[in-house]
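Report on the structure given below.
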Amino acid sequence: MFLTKNPTRTSTTSGMGYMLELFRTPGECHSQLRMSLEIFDDLHKLLVERYGLKPSVHMSTEESLGILFFICSGNESNRKCQNRFKHSGETISRKFEDVLFCLMDMAKELIRPKDPNFHTMHRRIRDDKRAYLYLKTASEHLMAHIFVFHFHRRSK
């Protein structure tokens with residue numbers, strides 16, 4: 001399936017070694033991943049226990065979660081992440097996606113609007129002339145999707 005593989009990256013510090021260094025150094029987890037070690041641990045535990053985050057043969061779940069936050073917190077490229085965690089670009093991309101899907105599953109349960117139909121709008125958004133164009137476009141797109149969805153359901 002993968003014909004042209006790059007050689008394995010070698011370093012004195014592996015990706016998990018980097019994560020352990022972050023965990024041992026006070027304040028480093030917050031400065032590098034933009035969250036405290038306690039929050040990282042709680043989120044990790046939740047994703048593993050309830051949302052199916054699994055380790056692979058060569059990568060722990062802590063390292064997978066660290067990859068996602070390393071990329072998102074510093075707007076880092078796949079190449080920089082490869083260099084920091086010593087994995088291939090394909091592995092970085094796959095693990096990023098695995099953790100992201102677990103976070104999306106968590107969001108489906110935990111992040112819900114009070115009013116799912118959005119009948120009311122905050123006055124600062126409603127009265128802001130700069131936001132009007134975006135709101136108008138977004139509402140038109142939403143109405144078009146709702147129409148297509150209902151039309152598609154009725155035609156079956």
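We did not get these values from a lab; they are worked out from the coordinates using the rules stated. Worth saying up front: this structure is predicted, and the values here are computed from it rather than measured. Using ideal geometry, Cβ is built from the backbone for each residue, glycine included, and neighbour counts are taken over all protein chains shown.
Applying 1/(1 + (r/R0)^6) with R0 = 30 Å to the Cβ-Cβ distance of SER56 and THR120 gives a FRET efficiency near 0.10. Computed from label points 7 Å out along Cα-Cβ, the spacing between HIS30 and MET106 is 2.0 nm. How high is the relative contact order of the stretch 15-110? Use alpha-carbon pairs under 8 Å, at least six apart in sequence, and give a whole percent. Worked out over the stretch 15-110, it gives 31 percent. Listed by Cβ neighbour count within 10 Å, with the fewest neighbours leading, THR120, THR13 appear as THR120, THR13.
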